[in-house]
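The structure appears right after this line, and notes come after that.
The values are calculated or read from the model by the stated rules, or taken from the named source; none is laboratory data. Everything numeric in this text was worked out from a predicted model, so none of it was measured. Positions of Cβ are backbone-derived with ideal geometry, glycine not excepted, and every protein chain shown enters the neighbour counts. Only protein heavy atoms, including side chains, enter the accessible area calculation; ligands, DNA and RNA are left aside. Shrake-Rupley method; radii C 1.70, N 1.55, O 1.52, S 1.80 Å.
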Amino acid sequence: MLEIRNLNVKLEEEDKVILRGVDLTVGAGEVHAIMGPNGSGKSTLSHVLAGKEGYEVTEGSATLDGADLLEMEPEERAAAGLFLAFQYPVEIPGVGNMTFLRTAVNAQRKARGQEELSAGDFLKEIRARAKQLKIDAEMLKRPVNVGFSGGEKKRNEILQMAMLEPKMCILDETDSGLDVDAMKLVAEGVNALRSPGRAFLVITHYQRLLNHIRPDVVHIMADGRIIKSGGAELALEVENNGYGSLLGEVA
Amino acid sequence: MVRPQENAAGADRLESLRLPEGGGEWIGAARRTALARLQAQGLPGRRDEYWRFTDPASLTAAEAPPAAVFVDPDDTRPFDSIERLRIVFRDGVFDPAASDDLAGDGIEISLLSDAAAADIHWAKDLYGVLEGRGQSPVPRPLAALNTALAREGVLIRVSGRVGRPVSLIYLHERETSDALLHHVIRLEPGAELTLLENGPAAARLNKVMEVEVADGARFHHVRTQGRDHERRAHTHIFARLGTESRFKSFTLTVNGVLTRNEAVIELAGEGASAHVAGAAVGDGRFHQDDTVFVTHAAPNCESRQVFKKVLRNGAVGVFQGKILVKEGAQKTDGYQISQSLMLDDDSQFFAKPELEIYADDVACSHGSTTGAIDPEALFYLRARGIARADAEDLLVLAFLSEAIEEIEAEEIAAELLSRLEAWLRRHRR
């Protein structure tokens with residue numbers, strides 16, 4: 001599903017190389033985790049895949065079901081089925097959460113040549129999805145992420161993911177700033193969306209989220225490349241020994 | 001000795017002014033007093049403190065600069081779907097055929113032209129009076145000129161709760177029209193009125209509206225100034241608010257080479273509340289100026305000024321807003337915000353927020369910002385599949401929302417929002 005080949009990325013504004021030849025293949029139905037110390041390039045990878053400005057791809061490719069992601073506008077990537085759950089969801093005063101989601105859902109449906117959801121159908125669906133994530137009606141009415149707690153923001157990201165039904169979900173440090181209960185809720189939301197046609201790339205600094213979202217493959221990223229890949233046990237190794245020993249091992 | 005050109009032209013203009021002839025003694029006296037005020041003040045010039053950001057030359061010139069009549073691609077007008085009492089002016093002239101019957105329960109409406117011919121009229125206590133009070137400490141010569149010369153307008157007295165809004169519709173039909181309109185509105189104690197205004201009025205419009213909101217009365221005002229790109233308008237609202245009264249005014253400005261809206265509001269009775277808000281969107285040759293002066297003269301009053309401007313392609317926005325809290329106006333709650341959203345690097349926003357406070361137990365806050373569309377928010381929306389242009393429009397409307405929320409009637413707010421959306425779509429790059 002997601003194919004990344006020798007991806008090299010630098011900052012547009014300065015000569016700082018961040019990704020140095022990332023190779024990654026995520027198949028349909030799989031859950032991959034990327035772990036790594038701060039500054040290893042994990043978040044940059046997610047930004048570049050989603051199409052954030054400020055980065056320059058100097059080499060390599062990234063495709064989603066064969067379509068060249070790097071040639072697309074961010075909205076085209078979303079319509080193609082890519083979803084990024086933000087590490088820091090943006091507050092947008094003046095735009096109601098519900099309006100935002102309905103605009104997004106219908107924009108994607110339109111881009112895919114599908115009919116727009118009626119107001120009634122949309123409402124029915126969002127209510128059901130919100131309930132699963134313990135998001136109350138009040139939160140749906142409020143402006144996007146404004147005044148939301150850290151946990152509420154992350155649950156709101158998962159709600160958007162549920163409503164948009166992407167095929168490739170990237171979760172950028174979704175566990176950061178969450179207490180155990182909030183993390184469980186988020187993980188349940190993610191697990192409920194697991195399906196044979198959908199893949200996940202879970203970016204995290206800590207192993208604890210992976211207790212709740214069981215990955216098929218764990219990759220360790222350091223200094224802009226993936227230095228080691230393995231099964232779920234690799235995450236436990238990080239948890240027990242830290243990144244230090246792994247980094248040393250490879251060097 | 002050669003006098004500066006500007007003063008010479010201004011002095012000649014003042015010399016040449018002739019008051020309308022005839023009419024009752026009451027209006028004659030008001031006009032003569034106003035003319036004397038104007039002659040004492042002189043016409044405004046670029047060097048005057050409150051005209052530094054807006055050039056008054058085209059407003060003070062003897063003749064109105066011509067303005068092409070704009071044909072709207074979708075020819076619907078605001079408030080068409082609302083049940084209302086319509087009063088229509090074409091280039092500043094009342095059109096009885098297009099207007100509704102002016103009689104109604106709890107409301108008394110007359111035309112200034114009729115009232116002026118009468119020996120006596122209730123408007124005597126207000127015509128030129130509130131305008132006169134509003135001339136200090138900041139002179140407003142073009143309002144005095146209006147009081148002296150205006151021949152038309154509506155005089156509305158409300159004694160109860162009026163079911164349907166009164167809607168003043170201004171049509172611009174001649175390229176060289178120069179309109180002076182003077183309205184007087186009095187809400188008796190406990191009365192309630194919604195006043196709607198829309199339309200470009202004329203190539204050049206000078207309008208004064210004096211509003212007396214008596215104790216416990218409520219006045220809602222929503223107006224749109226749009227359509228014609230080349231029109232000019234200088235409007236004034238002078239309001240005096242009684243005890244526990246409510247005053248709410250919202251203005252949407254789109255298009256127009258020059259619009260200056262002045263609001264002079266005096267919270268005279270305890271516990272009164274005044275909200276003045278505006279949203280302006282301009283693309284290209286657009287200059288829009290909000291000049292607001294709110295005086296807290298009684299304790300326990302609340303005032304809000306919320307002004308938002310979206311500017312693109314050389315458009316200019318001006319905000320001059322003052323809160324004056326007089327001695328003894330304790331527990332004043334005053335708020336003022338003026339913000340501009342620049343959609344490119346070519347536009348300009350000038351802001352002059354002022355607070356002057358002579359009471360010690362008050363809460364007043366003011367803020368002014370100018371900025372571009374937030375790239376983080378834009379990316380967030382696009383990452384969810386919303387196309388760039390749609391995402392930008394969404395963020396522009398979000399920026400304006402704090403001002404639009406000041407409109408009390410939801411159906412009116414919704415209509416203006418959809419008009420703004422249409423405007424934004426037409427003005428995409």
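Miscellaneous remarks
- Between region B:11-69 and region A:178-251, the Cα center-to-center distance that results, in Å: 75 Å
- Antiparallel content of DSSP bridges confined to the protein assembly as shown, in %, to 5: 20 percent
- Candidates per GluC sites (Glu not before Pro) in region A:54-137, loop by DSSP, up to 16 other Cβ within 10 Å: A:E115, A:E116
- If you count Lys pairs in chain B whose Cα atoms are under 23 Å apart, skipping same-chain pairs closer than 8 places in sequence, the total is 18.
- HN-Hα J in Hz across region A:75-88 - Karplus 6.51, -1.76, 1.60, θ = phi - 60°, x for Gly and Pro: 5, 6, 5, 4, 5, 6, x, 8, 9, 10, 7, 6, 5, 10
- P(r) weight above 32 Å for chain B, C-alpha pairs, percent: 34 percent
- Region B:233-254 and region B:298-343 have Cα centres spaced 13 Å apart.
- Based on protein heavy atoms only, region B:302-366 ends up with 39 Å² per residue of surface accessible to a 1.4 Å probe.
- Size of electric dipole in chain B: Cβ of Lys, Arg +1 and of Asp, Glu -1, about Cα centre, debye, nearest 20: 840 debye
- Amide hydrogen neighbours beyond the local backbone of B:L252, cut-off 5 Å, H modeled: B:R223, B:T224, B:Q225, B:A279
- Across the protein assembly as shown, the volume of the C-alpha convex hull divided among the residues equals 194 Å³ per residue.
- Between chain B and chain A, roughly 1900 Å² of accessible surface gets buried, counting both sides and using a 1.4 Å probe.
- Beta bridges by DSSP in region B:8-372, antiparallel share as percent, to the nearest 5: 5 percent
- Crossing angle, helix B:410-426 versus chain B [Cα axis fit, 0-90 degrees, rounded to tens]: 60 degrees
- Calculated SAXS-style log₁₀ I(q)/I(0) at q = 0.15 Å⁻¹ - region B:122-275, Debye, Cα scatterers: -0.75
- Region B:87-121 and region B:364-429 have their alpha-carbon centroids 38 Å apart.
- Contact residues in region A:71-99 by the 20 Å² criterion (accessible area, 1.4 Å probe, full protein complex versus chain alone): A:P74, A:E75, A:A78, A:F86, A:V90, A:I92, A:G94, A:V95.
- Long-range HN-HN contacts of B:L258 with modeled amide H, under 5 Å: B:A233, B:H287
- Helix B:25-41 axis, angle to chain B major axis (alpha carbon atoms, nearest 10°): 60 degrees
- For B:E210, the residues 5 or more places off, or on other chains, whose built amide H falls under 5 Å of its own are B:H183, B:V184, B:I185, B:F238.
- Computed from Cα positions, the angle between helix B:5-16 and the longest principal axis of chain B comes to roughly 40 degrees.
- Within the accessible surface of region B:8-372, defined with a 1.4 Å probe on protein heavy atoms only, the carbon and sulfur portion equals 47 percent.
- Chain A, accessible surface, carbon-and-sulfur percent (1.4 angstrom probe): 46 percent
- Total lysine pairs whose alpha carbons fall under 21 Å of each other in region A:15-169 (8 or more apart, or interchain): 21
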